[in-house]
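Read the structure below first, then the notes.
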Amino acid sequence: AGALALEVAAGRRVVLLCEGDVSLFASASYVLLALLEHHPDCPLRLIPGITAASAAAAAGAWPLALQRQTLRVLPTPDDPAELEALLEEAMACPEGQRPVLALLKLGARWRWVRPLLERLGLLEDALFARHVGWPDQLVAPAAAVPPEREGSSAYFSLLLIRCGWPQVLPDTSPRLG
Ligand SMILES: C[S@@+](CC[C@H](N)C(=O)[O-])C[C@H]1O[C@@H](n2cnc3c(N)ncnc32)[C@H](O)[C@@H]1O
């Protein structure tokens with residue numbers, strides 16, 4: 001923050017780039033807080049970005065949340081028991097109101113998350129996304145991504161888990177004529 005403020009004070013325009021949205025689990029937020037505290041006169045502007053969960057959903061043609069569903073965006077727990085409890089809590093909601101979970105910081109945890117989802121019957125309705133928007137983007141049904149696939153444990157990977165669909169959906173069957 002000090003270095004950025006110095007550049008601005010010298011009359012230069014400075015850009016701090018951030019992956020995804022600048023306000024969501026972003027290191028840039030620490031820089032922002034330090035600037036606000038130590039350099040309150042430094043002019044700044046935050047430009048909102050597309051969070052990785054939204055980018056992944058769009059890349060996978062995967063509706064993120066519908067009707068009365070909630071969307072929970074959280075870092076993947078370190079402890080399998082903690083994730084299992086979260087998923088069981090989600091499954092205990094009435095079917096139409098079950099949340100969609102966006103698990104960030106998936107990385108190497110994919111090795112144990114995948115079998116856990118399989119055991120709970122949630123693997124088929126989950127989407128795996130790695131390096132969304134990068135040249136080596138991988139967005140695929142989670143069931144198609146083995147636990148040890150090369151690069152599947154990348155830091156920039158996430159999982160979208162659908163715990164249920166709304167009870168009433170429009171008739172989406174193909175119509176002739
Ligand atoms: C520190 S958080 C930053 C979140 C970011 N500010 C956002 O709005 O998406 C880092 C995590 O976001 C997710 N992430 C960020 N960019 C991604 C990308 N391009 N592809 C897949 N996941 C990404 C990964 O789960 C990664 O571990």
Over its alpha-carbon atoms, the stretch 52-162 yields an Rg and a Dmax in Å of 12.9, 40
How big is the charge dipole of the chain about its Cα centre, in debye rounded to the nearest 20, if each Lys and Arg gets +1 on its Cβ and each Asp and Glu gets -1 on its Cβ? 400
Report relative contact order for the chain in percent, whole number only (criteria: Cα-Cα under 8 Å, sequence separation at least 6). 21
Can you give the local net charge around Leu86? Use residues other than it whose beta-carbon is closer than 15 angstrom to its beta-carbon, Lys and Arg +1, Asp and Glu -1. 0
Solvent-accessible heavy-atom area per residue, rounded to whole Å², over the stretch 1-147 at 1.4 Å: 59
Using θ = phi - 60° and the Karplus form 6.51 cos²θ - 1.76 cosθ + 1.60, what ³J(HN,Hα) does each residue of the stretch 15-27 get, whole Hz, x for Gly and Pro? 10, 10, 7, 9, 6, x, 8, 6, 10, 10, 6, 10, 4
Shape call, the stretch 1-95: gyration tensor on alpha carbons, a/c limit 1.5: prolate
Test of understanding: in a Gaussian network model of the chain with alpha carbons linked when under 10 Å, which of Arg162, Arg130, Arg111 would top the mean-square fluctuation ranking? Arg111
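The values are calculated or read from the model by the stated rules, or taken from the named source; none is laboratory data. Keep in mind that this is a model prediction, so the values were computed, not measured. Cβ sites come from the backbone with ideal geometry, for glycine too, and all protein chains shown count toward neighbours. For accessibility, only protein heavy atoms count, side chains too; no ligands or nucleic acids. Shrake-Rupley method; radii C 1.70, N 1.55, O 1.52, S 1.80 Å.
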